[in-house]
Amino acid sequence: MNDIWVYDFDGTIYNGDSSIDFFIFCLRKKISLIRCLPRLIFNTFLYGIKKINAKEYKERFFSYLKYVPNIDYIVEQFWQEKKDNIKLFFINDLKENNRPKICIISASPKFLLEGYTKNLKNVSLIATEMNKKNGVIIGENCKGKEKVKKFNKKYKNYVIMKFYSDSKSDEYLSKIARESFMVKKNKIYKW
């Protein structure tokens, strides 16, 4: 068995919500996206009163992508601006000499987080597979129990030595880790 450290992304190693920050970034680059705001607000309301599930909400939220040309370039620009949103504890973990492989696992879209993770050494990414041209999710939203399924499919012979998250929805991953930590802002607590 191999050791691995696993991290949630938004709110855990990223200070904020990368999906919301990315929408705002795109809005600044292409002001015509403002036409998507009423629909976004309405769908947020529907999700809040449980009329649509998380997958439907996420697809509706990211439907603005059909109006964003050169998405790969925009993602690259976004990470040049937002790289300082990565929390110091994670940057220090990346620098640790004898650390095992790291896996970042997130409900955020994979195409978005790959903009950050693609140049990290010995770091893999599991995230929500999404068509970056229209926001349609391929498969399931990578959240809750689905994170455990996706992790177990990719890492059959690994033991999660450390797991970090800011969300109780990650309790399923916390239960299979040797040590689990809750991250609140810049403080880390035992789960």
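Observations on the model:
- Among F62, F42, F78, the largest mean-square fluctuation in a Gaussian network model of the chain, built with springs joining Cα atoms closer than 10 Å, belongs to F42.
- Extended-chain gain in nm, criterion 0.36 nm per residue less alpha-carbon gap, Y67 and I49: 3.7 nm
- Only helices enter the 222 nm calculation for the chain: every DSSP H run of n ≥ 4 contributes -39,500 (n - 2.57), and dividing by all residues gives -11500 deg cm²/dmol, rounded to 500.
- Cβ-Cβ FRET estimate between N131 and K83, R0 fixed at 35 Å, reported to 0.05: 0.85
- Summarising the amide proton neighbourhood of F181: residues at separation of 5 or more, or on other chains, whose placed amide H is nearer than 5 Å comprise F163, Y164, S165, W191.
- Each residue, R99 and M1, gets one label point 7 Å from its Cα in the Cβ direction; the gap between the two is 2.2 nm.
- Whole-Hz ³J(HN,Hα) from phi, Karplus 6.51 cos²θ - 1.76 cosθ + 1.60, for region 110-115, glycine and proline x: 4, 4, 6, 6, 4, x
- Interchain or long-range residues, amide H under 5 Å from S124's placed H: I102, C103, I104
- Of N70, S174, L94, farthest towards positive along the dipole that unit charges on Lys, Arg, Asp, Glu beta carbons give the chain: S174
- Inter-part distance, region 151-191 to region 38-72, computed on C-alpha centroids, equals 28 Å.
- Estimated distance in nm for a label pair at K149 and M161, the labels positioned 7 Å out from Cα along Cα-to-Cβ: 3.0 nm
Read-outs: derived from the displayed coordinates by stated rules, not from any lab. Since the model is a prediction, treat every value here as computed from it, not as a measurement. So basically every Cβ, Gly included, is an ideal-geometry build from the backbone, and we count neighbours across all protein chains shown.
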